[in-house]
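Below is one structure, written out as structure tokens; comments come after it.
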Ligand code: TEU
């Protein structure tokens with residue numbers, strides 16, 4: 001497999017990617033049928049979100065059996081075939097391991113509820129407060145209390161997410177043993193990587209107490225044993241020795257922890273996701289309160305993490321999109337007036353950074369938000385929970401639907417747009433979630449017919465990372481740091497150097513170098529080719545990359 005610093009990882013949300021058996025749900029065979037498309041894009045690994053046995057309350061992030069495939073996605077044989085077909089194309093399959101919690105349908109939890117104390121200790125049960133209320137004031141990330149009362153035990157169990165997702169007790173060595181066996185089972189099957197879901201939440205505090213400053217996350221995030229647990233998994237499963245690519249999803253984390261998570265000397269993970277750059281449009285840091293992108297904050301965060309991770313030899317996963325985030329061309333670009341230009345500019349911002357880039361299904365063709373108009377079009381548990389919470393708070397239907405239009409995770413879960421046939425070619429059945437109506441214009445088939453499409457732009461970005469060592473291995477230096485509309489940076493490695501300039505807005509602007517950078521020539525951009533000059537006027541959403549080698 002490709003050096004992960006020169007690799008690109010494509011994320012698939014299987015439920016919405018490609019339906020091969022016409023039941024309206026994407027499936028494993030559907031992925032296998034699209035491997036040549038992914039090979040054409042030039043990616044190296046495929047990260048699929050979970051397709052394990054699950055009641056689907058959180059679309060598979062509520063796992064009921066880590067070793068079996070949910071029938072809605074297909075069979076183990078079909079997965080083994082996918083692994084084989086991917087390997088033939090030098091594509092590695094990365095599984096999504098949800099080890100912070102299981103579904104309450106998992107046999108471990110069902111045995112716990114049936115009185116089996118061995119399995120009760122697989123979860124986090126605590127006595128309520130003297131007045132009978134929940135053990136702590138912690139809030140679920142999906143709204144409401146993070147505790148659910150169980151009469152038979154006269155105790156509560158912890159669920160940081162939905163109440164059907166019970167948090168595992170990682171203090172229990174039997175839990176860690178079971179989870180390590182599960183990883184070994186998949187490594188045996190030929191899996192080449194793992195994404196660990198909210199893995200920095202697994203180490204809970206020794207004392208469970210109210211969070212007097214917030215919702216509890218500061219008490220259980222990046223917990224006191226997290227690095228110990230990650231080292232143990234790595235060591236006991238031979239993740240590094242088996243060449244496994246591992247990425248941790250780090251919720252509300254810090255640079256200091258991410259250096260420890262991803263510095264190769266620590267032998268914990270290959271890299272990690274953080275989400276600070278995707279909260280710059282959260283008013284008061286609250287997801288469901290809207291504000292425009294705080295561009296200065298965005299630049300400061302990106303620069304802070306790029307410089308900090310380089311200094312401490314950590315490694316970022318760099319991305320805009322995933323199955324939990326709105327579509328970036330709608331969120332920070334202009335999907336109406338500058339669809340192509342802003343999609344290409346946003347892609348360029350990410351793909352020349354220091355880190356491994358991730359492309360979420362449909363991002364490579366500029367898929368947009370869903371623009372749903374009614375609440376019954378939504379499927380996501382988080383979105384439906386917040387709808388009822390905001391309703392109770394007295395917000396109007398119209399205002400809530402506007403907020404969901406901007407923030408719902410369903411924005412990234414509409415069917416992949418393959419062509420301009422019914423349901424965008426995703427299914428011949430009735431899709432589990434509505435298709436975004438712009439599929440007539442925005443689809444793979446159309447992109448593959450146009451030489452300057454967003455698809456071929458991504459293909460070139462992915463190829464350049466393999467060609468130019470300074471992208472994978474180079475230093476990172478911000479440029480025009482004070483500019484109010486431009487995000488620019490320089491990458492240098494041996495005798496190679498890049499200058500990357502991005503106009504983040506839909507208005508013309510300009511940048512002024514102290515003097516004409518010597519020896520650079522045009523590499524890639526989203527308007528016509530230009531040579532580098534001391535002063536450059538940038539068109540709306542214009543991106544320009546110059547290289548010296
Ligand atoms: O997401 C973690 C998480 O916090 C997300 O819920 C996301 O950050 C949030 O929706 C933003 O408001 C992971 C998975 O990616 C997500 O799909 C799961 O729902 C969640 O964990 C629980 O497993």
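Read-outs: derived from the displayed coordinates by stated rules, not from any lab. Because the structure is predicted, anything quoted here is derived from the model rather than measured. Note that each Cβ is placed from the backbone with ideal geometry, even for glycine, and that neighbours are counted across all protein chains shown.
For a Förster distance of 45 Å, can you work out the FRET efficiency between the beta-carbons of residue 440 and residue 512, rounded to the nearest 0.05?
Values: r = 43 Å, r/R0 = 0.95.
So the FRET efficiency works out to roughly 0.60.
Counting each DSSP H run of 4 or more residues in the chain as -39500 (n - 2.57), what helix-only mean residue ellipticity at 222 nm follows after dividing by all residues, to the nearest 500 deg cm²/dmol? Walk me through the intermediate numbers first.
Numbers: 17 runs with 158 residues, N = 549.
Theoretical 222 nm ellipticity from helices: -8000 deg cm²/dmol.
With each pseudo-label sitting 7 Å past Cα toward Cβ, what's the residue 152-residue 188 distance in nm, one decimal?
Label at residue 152, label at residue 188, 3.1 nm between them.
Determine the equivalent ellipsoid of region 293-349 by diagonalising the alpha-carbon gyration tensor, then write out the semi-axes as square roots of 5 times the eigenvalues, largest first, rounded to whole Å. Write down the numbers at each step before the final one.
Working: eigenvalues 122, 31, 22 Å².
The three semi-axes for region 293-349 are 25, 12, 10 Å.
Place a point 7 Å from Cα of residue 267 in the direction of its Cβ. Which residues in region 228-260 have their backbone N less than 20 Å from it?
Answer for this model: 228-248, 258-260.
Could you calculate the FRET efficiency of residue 181 with residue 88 from 1/(1 + (r/R0)^6), where r is the beta carbon distance between them and R0 is 30 Å, rounded to 0.05? Could you put the intermediate results ahead of the total?
On the way: r = 28 Å, r/R0 = 0.95.
Efficiency at R0 = 30 Å is approximately 0.60.
So how much slack lies between residue 293 and residue 80, counting 0.36 nm per residue of separation and subtracting their Cα-Cα distance, in nm?
Values: separation 213, 0.36 × 213 = 76.68 nm, distance 4.31 nm.
72.4 nm is the gain from fully extending residue 293 to residue 80.
Going 7 Å from the Cα of residue 467 along its beta-carbon direction, which residues of region 510-542 have the amide nitrogen within less than 20 Å of the resulting point?
Taking a point 7 Å out along Cα→Cβ of residue 467, the residues of region 510-542 whose backbone N falls under 20 Å are 519-532.
So, by mean Cβ neighbours within 10 angstrom, what's the order for 95-101, 173-179 with the highest one leading?
Numbers: 95-101: 25.0, 173-179: 15.1.
Peptide ranking by packing, descending: 95-101, 173-179.
Relative contact order of region 107-167, please, whole-number percent, based on alpha carbon pairs below 8 angstrom and at least 6 residues apart. If you can, show how the numbers build up before the last one.
Values: 99 pairs, mean separation 16.1, N = 61.
Relative contact order of region 107-167: 26 percent.
Determine, from the Cβ-Cβ distance of residue 110 and residue 235 and an R0 of 41 Å, the FRET efficiency 1/(1 + (r/R0)^6), rounded to the nearest 0.05. Walk me through the intermediate numbers first.
Details: r = 31 Å, r/R0 = 0.76.
Efficiency, from the Cβ-Cβ distance: 0.85.
Ranked from highest to lowest mean number of other Cβ atoms within 10 Å per residue, what is the order of the peptides 493-505, 283-295? Each step should come with its number before you reach the end.
Values: 493-505: 20.0, 283-295: 12.9.
Ranking, from highest mean packing down: 493-505, 283-295.
Going by alpha carbons, how many degrees (0 to 90, nearest 10) lie between the helix axis of 76-88 and the longest principal axis of the chain?
Between helix and principal axis, roughly 30 degrees.
For region 301-333 and region 1-65, what is the separation of their Cα centres, given in Å?
After rounding, the separation between the Cα centres reads 22 Å.
Give me the angle, in degrees from 0 to 90, between the Cα long axis of helix 381-392 and the longest principal axis of the Cα atoms of the chain, rounded to the nearest 10.
The two axes meet at around 80 degrees.
Beta carbons within 10 angstrom, averaged per residue: use that to sort the peptides 388-400, 360-372, highest first. Please list the in-between numbers first.
Numbers: 388-400: 12.4, 360-372: 24.7.
Output ranking for 388-400, 360-372: 360-372, 388-400.
Output needed: percent of Cα pairs per 10 Å distance bin for the chain, bins running from 0 to the one holding the longest distance.
4, 18, 29, 28, 16, 5, 1, 0
Below 8 Å between Cα atoms, with a sequence gap of 6+, how large is the relative contact order for region 47-117 in percent? Display every interim value, and only then the final one.
On the way: 83 pairs, mean separation 25.5, N = 71.
Relative contact order of region 47-117: 36 percent.
Relative to a virtual label point 7 Å from the Cα of residue 451 in the Cα→beta-carbon direction, which members of region 508-544 show backbone nitrogen distances below 17 Å?
524-530
Could you tell me the center-to-center distance, by alpha carbons, between region 99-177 and region 218-283 in angstrom?
Value for the Cα centre distance between the two parts: 24 Å.
Could you give me D for region 99-205, from Stokes-Einstein at 4 °C and 1.567 mPa s, where the hydrodynamic radius is the Kirkwood radius over C-alpha pairs? Units µm² s⁻¹, please. Walk me through the numbers before you get to the answer.
Working: Rh = 14.7 Å.
For these conditions, the coefficient is 88 µm²/s.
Let me have the relative contact order for the chain, percent, based on Cα pairs under 8 Å that are six or more residues apart. Write down the numbers at each step before the final one.
Details: 1146 pairs, mean separation 71.6, N = 549.
This gives 13 percent for the chain.
In what order do 382, 467 fall by count of nearby beta-carbon atoms within 10 Å, going from fewest to most? Present the calculation step by step, with values, prior to reporting the outcome.
Values: 382 22, 467 11.
By the 10 Å Cβ count, ascending: 467, 382.
Using 0.36 nm per residue of separation minus the Cα-Cα distance, give me the extension gain between residue 493 and residue 21 in nm, one decimal.
Values: separation 472, 0.36 × 472 = 169.92 nm, distance 4.89 nm.
Between residue 493 and residue 21, full extension yields 165.0 nm more.
Could you give the length gained by full extension between residue 534 and residue 242, i.e. 0.36 nm per residue of separation minus their alpha carbon distance, to one decimal place? Working shown, then result.
Working: separation 292, 0.36 × 292 = 105.12 nm, distance 4.94 nm.
Using 0.36 nm per residue and subtracting the Cα-Cα distance, I get 100.2 nm.
Can you tell me the 0 to 90 degree angle between the C-alpha axis of helix 454-467 and the longest principal axis of the chain, rounded to 10?
90
Once you have the alpha carbon radius of gyration of region 474-548, what is it after dividing by 2.2 N^0.38 Å, with N set to its residue count?
Rounded to two decimals, the normalised Rg is 1.02.
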